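> My structure is below; once you've seen it, I'll send some questions.
The values are calculated or read from the model by the stated rules, or taken from the named source; none is laboratory data. These numbers were taken from a predicted model, which means no experiment stands behind them. Methodologically, a virtual Cβ is constructed for each residue, glycine included, from the backbone with ideal geometry; neighbour enumeration extends over all protein chains shown.
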Amino acid sequence: MLKPFLFQSALAGLLVLTTATAWANDLTPQTREQLKAIKAHALNDDLSYQIIESLTTEVGPRMVGTPGEKASVKWAMQKMKSLGFDKVWKEESEATLWQRGELKASITQPYKQKIKALALGNSVGTNGKAVTAEVIEFENLDALKAASAGDIKGKIAFVSYKMARHRDGHGYGQAVGARVVGASEAARKGAVAFVMRSVGTDTNRFAHTGVQIYQDGVDKIPAIAISNPDADLLASMLTRNKPVTFSLTLSDTGTQNQTTTIANVIGEVTGSKYPDQVVTLGAHLDSWDVGTGAVDDGIGVGITLAAGHYLSELETRPERTLRVILFAAEEIGLHGAKDYVAKHQDEMDKHVIGAEWDFGNGKIYELEPGVGQQSLADIKAFAKMLVPMGVTLANSNDATGQSDMSELGKAGQPAVNFNPDGSDYFDFHHTENDTLDKVDREALKVNTAIYSMFALFATDSTTDFRQ
């Protein structure tokens, strides 16, 4: 249980002293004390972890269109209410339904080997029949695009590009293109199936799933990812100057050509003076079906709900409203975020600033702003408070928001990105191994403190971050 009395007594008087103060260039002593108090509370509390534990234990995987996804909406609404959010509601829309079929994959020639694999999101099935063909390897997506149709026709295209590990995760961007469009590029040249090395940095023998998108006017072929060790195995077999054949069978649950109802879950801690001005914190509620979605994006859910709870405890509320948005259907194409912008386009000018968590497991090391030049001074002043926590301010000022929040950024909302250490993130990303035990609990406390500090800073500021 939380101990709100101690926290409230530390902050209540401070808020009375500083409410309605415009924070420019530097923070007042009272403001610094407020931020230190909420920081200390978050660093000594385990709430964000408790939230993740609840979500992964009581709900588990939350793939769009599954009972788990429906249960997560109910869970989120109940959790927000229990955490003291003043207003809690859901906003529904529709998304295309896709279900994972049963997959069997193996190398059949010249040496038989079973392969660990997962269908990529939206993949068609094989109607229960085996697709067996010779494999042709490409070192990356560009090589596949440059190949002639004569080399690929009737074969299985295999992209063997290996993702590199980086703290900021930029190796993902270099690898994920093959996952998204590789099947259509292969099909355009006559391939009968598409196989790729998993987009991940681990050496475990399990595959990483993720969405792929068929291009209009191109035949749809089965698309799968294989584990990193199995990709090494397949690549090694291809060096032996013998034809290598691969076989896969994917039951045709696949694309259903149906829609399913999805829902953004939204909770607010209402501002005391400007309730129509909203500071947004975001995470996505859905996950893939193969793990319990603890890291992706249970961490984001835990951090943002905890930050909202801490603000709800204050005896004197900040001037602006904090709105926490748990977005639907991020994994299959940011559908919930796009729907949110469509529903709120007439009030986007009241969206003061936003931040999302949808990457990383380690501690935040950098604050990357995306605000007006005049208000950048306020961000710099706030950033100084994070220096003792190992956070530096990026030299750039062009952040538009991570993941779902990028859609709000496109609609004009200023943003900050908090960049955490993601060195191990893609070991677990979209795999069976995305489970609660992978969450770095100490880093989680630090990151929760930073998001909570930001929430307080932005909601109790009168700064126009567009200026």
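Here's the yes/no breakdown for (1) assigned to a helix (DSSP H, G or I); (2) β-branched (Val, Ile, Thr); (3) touching a residue at least 24 places away in the same chain (Cβ under 8 Å):
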{"site": "359", "(1), (2), (3)": "no, no, yes"}
{"site": "362", "(1), (2), (3)": "no, no, yes"}
{"site": "365", "(1), (2), (3)": "no, no, yes"}
{"site": "368", "(1), (2), (3)": "no, no, yes"}
{"site": "383", "(1), (2), (3)": "yes, no, no"}
{"site": "395", "(1), (2), (3)": "no, no, no"}
{"site": "416", "(1), (2), (3)": "no, yes, yes"}
{"site": "427", "(1), (2), (3)": "yes, no, yes"}
{"site": "431", "(1), (2), (3)": "no, yes, yes"}
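> In addition: Answer with yes or no whether residue 330 is part of a loop (DSSP other than H, G, I, E, B), at pLDDT below 95 and either within 29 Å of residue 39 (Cα to Cα) or not basic (Lys, Arg) (or both).
Answer is no for this residue.
> Residue 68 - would you say it is of a type in the set (Gly, Ala, Ser) and in contact with a Lys or Arg (Cβ under 6 Å, 6 or more places away or on another chain)?
Considered against the rule, which asks whether it is of a type in the set (Gly, Ala, Ser) and in contact with a Lys or Arg (Cβ under 6 Å, 6 or more places away or on another chain), residue 68 comes out as yes.
> Does residue 91 meet the test of being closer than 26 Å to residue 205 by Cα and surrounded by 14 or more Cβ atoms within 10 Å (Cβ to Cβ)? Spell out how you get there, then give the answer.
Details: closer than 26 Å to residue 205 by Cα: no; surrounded by 14 or more Cβ atoms within 10 Å (Cβ to Cβ): yes.
Considered against the rule, which asks whether it is closer than 26 Å to residue 205 by Cα and surrounded by 14 or more Cβ atoms within 10 Å (Cβ to Cβ), residue 91 comes out as no.
> Out of the residues in segment 24-59 that are among the polar types (S, T, N, Q) and part of a helix (DSSP H, G or I), which is farthest from residue 457 (Cα to Cα)?
Filtering segment 24-59 for residues that are among the polar types (S, T, N, Q) and part of a helix (DSSP H, G or I), the one farthest from residue 457 (Cα to Cα) comes out as 57.
> Still on this structure: So the check is Cβ under 6 Å with 6+ separation or different chains; which pairs have a first residue in segment 300-322 that's buried (at least 22 other Cβ atoms within 10 Å of the Cβ) and a second one that's of a type in the set (Asp, Glu)?
300/358; 318/460; 321/268
> Just give me the residues in segment 342-369 being crowded, with 22+ Cβ neighbours inside 10 Å and closer than 17 Å to residue 466 by Cα, in sequence order.
Kept after step one, since they are crowded, with 22+ Cβ neighbours inside 10 Å, are these residues of segment 342-369: 351-357, 359-361, 364, 367, 369.
Within segment 342-369, 351, 352, 353, 354, 355, 369 meet the criteria.
> Now, a different point. Residue check: is residue 195 more than 27 Å from residue 418 (Cα to Cα), surrounded by 20 or more Cβ atoms within 10 Å (Cβ to Cβ) and among the β-branched types (Val, Ile, Thr)?
Considered against the rule, which asks whether it is more than 27 Å from residue 418 (Cα to Cα), surrounded by 20 or more Cβ atoms within 10 Å (Cβ to Cβ) and among the β-branched types (Val, Ile, Thr), residue 195 comes out as yes.
> Please enumerate the residues belonging to segment 42-65 that are surrounded by fewer than 19 Cβ atoms within 10 Å (Cβ to Cβ) and more than 19 Å from the chain's Cα centre (by Cα).
43, 44, 46, 50, 57, 58, listed by residue number.
> Among helices (runs of 4 or more DSSP H) lying entirely in segment 106-224, which contain 3 or more residues that are touching a strand residue (DSSP E or B) at 6+ places or on another chain (Cβ under 6 Å)?
Once the helices (runs of 4 or more DSSP H) in segment 106-224 are filtered for at least 3 residues that are touching a strand residue (DSSP E or B) at 6+ places or on another chain (Cβ under 6 Å), what remains is 171-188.
> In segment 348-355, is there at least one residue being closer than 30 Å to residue 99 by Cα and modelled with pLDDT of 95 or more?
Narrowing segment 348-355 to residues closer than 30 Å to residue 99 by Cα: none.
So far as segment 348-355 goes, no, none of its residues is closer than 30 Å to residue 99 by Cα and modelled with pLDDT of 95 or more.
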